[in-house]
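Enquirer: Handing you a structure now.
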C-alpha cells in the first residue's frame, strides 16, 4: 500500500494542468490522426497528478472533490476535448473501484497512477460459478482503454435461483480483447474502442450488484466515511463529466477572439469583423451561454460535494436534477460553440483551425446516452410532474 505525506491543493493541480495546455493543444491534431492519446500526453497527465484525483489518500491519491474535477477538466477542455474527456472518464471508474472491498482496492491501487476505464452499459452476460462469475460479452465506447490497467464492466447475471440483474465487476484490461473500431467524427483521440470478454472468470470479491451500487451501498469499509465516496454514483458521474463540455465552449471563445483581429466579412463592406454589430451580438450570446453552463456545472458539483461532506441522503428529485444540470451544461456549451463556429467563416473548416475540432467534439458529447440534454430534461420534467422516473440510472 502506498502512502502520501503531501496532497496538493485543488489550485495547485489546476495550475499544473494549465501549464500543460500548450503541449496538449499542440498534440491534438496528430492525436486525432492516431485515434488515441500519445504516450507523452499520458505521462504528462500522470506527472500533473490527474490520474490520482479520485484515488484514496492511503494509496497516494488526492481524494479530490468534484468541484476540483470540474476545474481541472475545464482547463483540459480548453486545450483539447479528447484529453479532457479521457481524463474525466478515468475519474468515474476509479471512483467506482473505491466501492469494492478493501482487499480488492489493495490490488487495483498497487499500480502507481493506475488508470481504470469502464462503462455503465450492461451489454454482456454473466453466469455464476464456484468462487465467482464467468462473463461473456462486448462493451463499446470504452474511452481510454488503450492506456488502461483495469476495466469496470457491467453484465447481466442470470441464475436459476434469482431473476437476472446487472452486476459491476473489475477485470484486468489484459484479460479482455480490444477491438479497434473507433472511427468517428468527434472525440477522435479518446481511443474509445470496444472490448470483449470470452469465458472470463471474475472472482466474487471483484463483483458487486449494480442495483445496490446505484442506491449508494458498497463494500468498502475504509472508504465508507470519506466525503469523496459516499455520494451517489450517477450524480458523481454527472459532476465528473461536465468540465469537458464547459472547457470546450470556453476554448471556442478563446479561439474565436484570437482569430478575430484583421478578419473581414467577405462580400460585405466590413473590413474588420470585430466592427460588425452582428459579431457583437454573436460574441455576447455565446459568452452568456457559457456563463449559464458554468452556473449549472458549479451548482451540480456544489450539491454533490455538500452531500458527500454531510453524508446526507438524496431525494429522487435531487438525483434527476443532477442529471438535468449535466444535460444543461452540454446543451448550453454546444449552443455557444455553434454560435462561434458559425461566426468563424469558411476558413474555419480547415483542419489547422482549432474551432472545427471543438465543434465536432461538443457534438459528440451531446450525443452521449447519459449526457444527452433532451433525455435528461425529459427525465427531470417527468419527475416534476409527479411521475416515477423511467430509469434506474439516478
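Enquirer: Please compute the contact order of the chain in relative form: average sequence separation of alpha-carbon pairs under 8 Å and at least six residues apart, divided by the residue count, as a percent. Present the calculation step by step, with values, prior to reporting the outcome.
Expert: Details: 779 pairs, mean separation 66.8, N = 394.
The normalised contact order for the chain reaches 17 percent.
Enquirer: What order, most packed first, do the peptides 365-372, 180-187, 338-345, 73-80 have when packing is the mean number of other Cβ atoms within 10 Å of each residue? Before the final figure, lay out the partial values.
Expert: Details: 365-372: 17.5, 180-187: 15.0, 338-345: 20.0, 73-80: 27.6.
Order by mean packing, descending: 73-80, 338-345, 365-372, 180-187.
Enquirer: Would you order 102, 352 from fewest to most other beta-carbon atoms within 10 Å of each residue's own beta-carbon?
Expert: Values: 102 15, 352 8.
Ascending Cβ contact count within 10 Å gives the list 352, 102.
Enquirer: Using only the alpha-carbon atoms, how far is helix 354-366 inclined from the longest principal axis of the chain? Give it as 0 to 90 degrees, nearest 10.
Expert: The answer is roughly 40 degrees.
Enquirer: Now for a different question. Listed highest first by mean packing, meaning other Cβ atoms within 10 Å per residue, what order do 200-210, 25-35 come in?
Expert: Values: 200-210: 18.6, 25-35: 16.3.
With the highest mean Cβ count within 10 Å placed first, the list reads 200-210, 25-35.
Enquirer: Calculate the tail of P(r) for segment 116-210: the fraction of all Cα-Cα distances greater than 23 Å, expressed in %.
Expert: Values: 985 of 4465 pairs.
Here the long-distance tail beyond 23 Å is 22 percent of all Cα pairs in segment 116-210.
Enquirer: With axes computed from alpha carbons, what is the tilt in degrees of helix 81-97 against the longest principal axis of the chain, rounded to the nearest 10 within 0 to 90?
Expert: Approximately 20 degrees, to the nearest ten.
Enquirer: Per residue of the chain, what 222 nm ellipticity follows from adding -39500 (n - 2.57) for every DSSP H run with n ≥ 4, rounded to the nearest 500? Spell out each step's value before the answer.
Expert: Numbers: 11 runs with 190 residues, N = 394.
Computed ellipticity for the chain at 222 nm equals -16000 deg cm²/dmol.
Enquirer: May I pose another question? Can you tell me how segment 194-251 classifies by the Cα gyration tensor, rounded, prolate or oblate, using a/c under 1.5 as the rounded cut?
Expert: Working: a/c = 2.93, a/b = 1.35, b/c = 2.17.
Judged from the Cα gyration tensor, segment 194-251 comes out oblate (a/c at least 1.5, b/c at or above a/b).
Enquirer: Next question. Sort 295, 256, 141 so that the residue with the fewest other Cβ atoms within 10 Å of its own Cβ comes first and the one with the most comes last.
Expert: Numbers: 295 14, 256 25, 141 17.
Starting with the residue having the fewest Cβ neighbours, the order is 295, 141, 256.
Enquirer: What percent does the relative contact order of segment 306-394 come to when contacts are Cα pairs within less than 8 Å and at least six residues apart?
Expert: Numbers: 73 pairs, mean separation 34.4, N = 89.
Once divided by the residue count of segment 306-394, the mean separation gives 39 percent.
Enquirer: So what's Rg/Rh here for the chain, counting alpha carbon atoms and using the Kirkwood radius for Rh?
Expert: Working: Rg = 21.3 Å, Rh = 21.6 Å.
In the chain, Rg relative to Rh is 0.99.
Enquirer: Report the dimensions of segment 10-108 along its three principal axes from the alpha-carbon atoms, largest first, rounded to Å.
Expert: If we take the Cα atoms of segment 10-108, the spans are 41, 29, 18 Å.
Enquirer: Order by neighbour count: 160, 113, 106, 199, fewest other Cβ atoms within 10 Å first, most last. Could the numbers behind the result be given before it?
Expert: Numbers: 160 5, 113 18, 106 12, 199 8.
Ranked by crowding around the Cβ, least crowded first: 160, 199, 106, 113.
Enquirer: So how tilted is helix 373-384 from the main axis of the chain? Cα-based, degrees 0 to 90, rounded to 10.
Expert: 60
Enquirer: With the chain treated as a Gaussian network of Cα nodes joined by springs under 10 Å, which of 337, 129, 153 yields the largest mean-square fluctuation?
Expert: Of 337, 129, 153, the Gaussian network model singles out 129 as fluctuating most.
Here, each number is a calculation from the coordinates, and none is a lab measurement. None of these values were measured; they are calculated from a predicted model. Cβ atoms come from the backbone with ideal geometry, glycine included; neighbour counts cover every protein chain shown.
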